[in-house]
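Reading through the structure tokens given below for one structure.
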Amino acid sequence: MTIASRLADLGIELPAVAAPVAAYVPAVVHNGLVYTSGQLPFTDGALPETGKVGAGVDPEDAKGYARTCALNALAAAAAAAGGVDRIAGVLRVGGFVASDPSFTGQPGVVNGASEVLGEIFGDAGKHARAAVGVPVLPLDTPVEVEVTFILA
């Protein structure tokens with residue numbers, strides 16, 4: 001089964017690649033891998049929410065934003081690689097969660113990214129990961145995710 005057909009089966013339509021908000025490119029292909037820049041949860045060009053998880057941003061909502069970040073990363077990787085079916089799997093996910101100092105549920109938030117990549121890629125979606133709490137992220141987004149994909 002191709003990744004494109006798997007996305008269709010899941011009812012997932014990849015978004016347009018988000019325009020960079022600074023001096024970088026969305027994704028780079030190198031030595032059989034696609035490295036994405038940190039992706040924010042842009043939907044139709046806008047952030048769905050701003051603020052800190054655990055202080056105004058609900059952790060379940062943030063988990064959904066991490067999912068959106070992962071789909072934005074896949075879209076960026078596919079554009080850089082020449083199509084989604086050129087992506088064979090996931091090597092690593094880095095998740096950053098803008099957190100209230102008392103919030104310790106970063107792994108649960110970043111699961112939103114890991115779970116959707118697992119749904120899309122199956123066993124090839126199993127990956128190494130970091131889930132890091134930070135005081136603030138660009139544009140005051142609650143979540144940012146970067147992904148390293150494996151080329152087919």
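Structure data summary
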| quantity | calculated |
| --- | --- |
| Answer residue from region 89-141, given it is acidic (D, E) and within 22 Å of F42 (Cα to Cα) and is surrounded by the fewest Cβ atoms within 10 Å (Cβ to Cβ) among those | D140 |
| Considering residues of region 78-88 that are within 13 Å of R6 (Cβ to Cβ) and open to solvent by 40 Å² or more (accessible area, probe 1.4 Å) only, the residue nearest to the chain's Cα centre (by Cα) | A88 |
| Single unsatisfied condition, E60 versus (1) open to solvent by 20 Å² or more (accessible area, probe 1.4 Å); (2) touching a residue at least 60 places away in the same chain (Cβ under 8 Å) | (2) |
| Among residues of region 19-38, those that are open to solvent by less than 50 Å² (accessible area, probe 1.4 Å), part of a loop (DSSP other than H, G, I, E, B) and touching a Leu at 6+ places or on another chain (Cβ under 7 Å), counted | 1 |
| Where a residue in region 26-55 is charged (D, E, K, R) and its partner, wherever it lies, is open to solvent by 30 Å² or more (accessible area, probe 1.4 Å) and modelled with pLDDT of 95 or more, with Cβ under 7 Å and at least six apart | E49/D61; K52/D100 |
| Where P41 falls short, out of the listed (1) open to solvent by less than 30 Å² (accessible area, probe 1.4 Å); (2) assigned to a helix (DSSP H, G or I); (3) closer than 23 Å to V132 by Cα | (2) |
| Conditions (1) in contact with a helix residue (DSSP H, G or I) (Cβ under 8 Å, 6 or more places away or on another chain); (2) open to solvent by 10 Å² or more (accessible area, probe 1.4 Å); (3) at negative phi; number of the one not met by G51 | (3) |
| Region 16-44, residues that are touching a strand residue (DSSP E or B) at 6+ places or on another chain (Cβ under 8 Å) and within 16 Å of L137 (Cβ to Cβ) | A18, T36, S37, G38, Q39, L40, P41 |
| Flag for A75 being of a type outside the set (V, I, T) and open to solvent by 50 Å² or more (accessible area, probe 1.4 Å) | no |
| Only one of T104, T148 that is in contact with a Lys or Arg (Cβ under 6 Å, 6 or more places away or on another chain) and of a type in the set (S, T, N, Q) | T148 |
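The values are calculated or read from the model by the stated rules, or taken from the named source; none is laboratory data. Quick caveat: nothing in here was measured; it's all calculated off a predicted structure. A quick note on method: Cβ atoms are made from the backbone with ideal geometry, for glycine too, and the neighbour counts reach across all protein chains shown. Please note that ligands, DNA and RNA were not included when accessible areas were found on the heavy atoms of the full protein model with its side chains. Shrake-Rupley method; radii C 1.70, N 1.55, O 1.52, S 1.80 Å.
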